[in-house]
1. Only sites in a loop by DSSP and with at most 14 other Cβ atoms within 10 Å count here; which trypsin sites (Lys or Arg not before Pro) in the stretch 59-128 make the cut?
2. Is there a quick way to get the dipole size of the stretch 1-109? I mean about its Cα centre, with the Cβ of Lys and Arg at +1 and of Asp and Glu at -1; what is the value in debye to the nearest 20?
3. List the lysines whose Cα lies under 22 Å from the Cα of Lys32, skipping any in the same chain that are fewer than 8 positions away.
4. What size of dipole, in debye to the nearest 20, comes out for the stretch 184-259 about its Cα centre when the only charges are +1 on Lys and Arg C-beta atoms and -1 on Asp and Glu C-beta atoms?
5. So for the stretch 178-294, taking the charge dipole from beta-carbon charges (+1 Lys/Arg, -1 Asp/Glu), which of Gly234, Ile191, Gly269 sits furthest toward the positive end?
6. Based on other C-beta atoms within 10 Å, arrange Met193, Met225 from fewest to most.
7. Report the local net charge at Lys208: Lys and Arg +1, Asp and Glu -1, summed over other residues whose C-beta lies under 14 Å from its C-beta.
8. Provide the per-residue ³J(HN,Hα) series for the stretch 103-110, in order, calculated from phi with Karplus coefficients 6.51, -1.76, 1.60 and θ = phi - 60°, each as a whole number of Hz, with x at glycine and proline positions.
Amino acid sequence: MGTPFISLLEPTRLDGYDANKPYTSQPAHIPKLFLDAMEVRETVFVREQKVPLSYEHDADDARSCHWVVYASVNRTTAPEERDPRTGDVVRPRRSETRSTPIGTLRVVPFPHPPHPPPGARYVGNVLQEEDEDDGSSSRSAPPGSSRPRVRAMSIVDTERQASALPFGVDRPTTYHDGKEPYVKVGRVAVIPMFRGHHIASQLWRAAKAWLEQHPTFFDPSVTEMGMDQLKAGGAEDIPKWNGLVCCHAQESVVKIYEKWGFKVDEGMGKWYEEGIPHVGMFQRLNIKHENPKV
């Protein structure tokens, strides 16, 4: 494996992307870097972890920043051929070196849906609830639980979804007051054969450095949107990112996120996404604003 290098794709239009088709069957205008990210995600989440393909691409992809790490990999395109009588090489081995996507990570800007309720289950990013009248089970539910059905939206959920920028109050947790804007790290994936080389850590370091260098990138523009659309009564009400980062971590990789500086948010509890147990984790980056938040 050659020395890995990392590329960034900032938020971009992904109109026409078909979530029901693999990355190899998407329209020609979809950025190659995003297709490379999806190549990794389909390998890890769809083929390895058995998440349905239609759930892998979501509405957050277009508004997120995506990092993809590549490695130069030498592949044999034609084997060596020898004369069976003399053993002489009649055709040398042919090979090519390709920059192969081996890992990816995305950062989703605020706003976000409400924090998952403890014990909740999600299927295709849709919050489910138990159907008490049916004792069957679902792939997305923990063993022994009943079949889920779509959960009715609460008043808080409805208000957040209806507003232009739903920064409505969320439930407070250990590390989040329920109000402060945060960005969310997710879709962290590394191709199996390249694990053990700290590839994911390299991705996070690249994303962290970029966030620290661009602390206002995701802040909404008052000039473009106006105070009414932002639902801001004054300057102090305008949402501004102050370095808070969240991740919804699969329970099996919590220790990796802890090495990156994240801490488990006990107040968020545990929930299930596509049958995989998750916990919430937070950390605050050291960022500097021209007018720092007190």
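Bear in mind that the values in this text are calculations on the coordinates, not laboratory data. Everything numeric here is computed off the predicted structure, so don't read it as measured data. Counting neighbours? That spans all protein chains shown, and the Cβs are built from the backbone with ideal geometry, glycine included.
1. For trypsin sites (Lys or Arg not before Pro) across the stretch 59-128 that sit outside H, G, I, E and B with at most 14 neighbouring Cβ atoms in 10 Å, the list reads Arg85, Arg93.
2. Dipole of the stretch 1-109, to the nearest 20 debye: 320 debye.
3. Output for Lys32: Lys21.
4. 560
5. It is Ile191.
6. Placing the least packed residue first, the sequence is Met193, Met225.
7. Within the 14 Å Cβ shell, the charges total +4.
8. x, 8, 7, 10, 10, 9, x, 6
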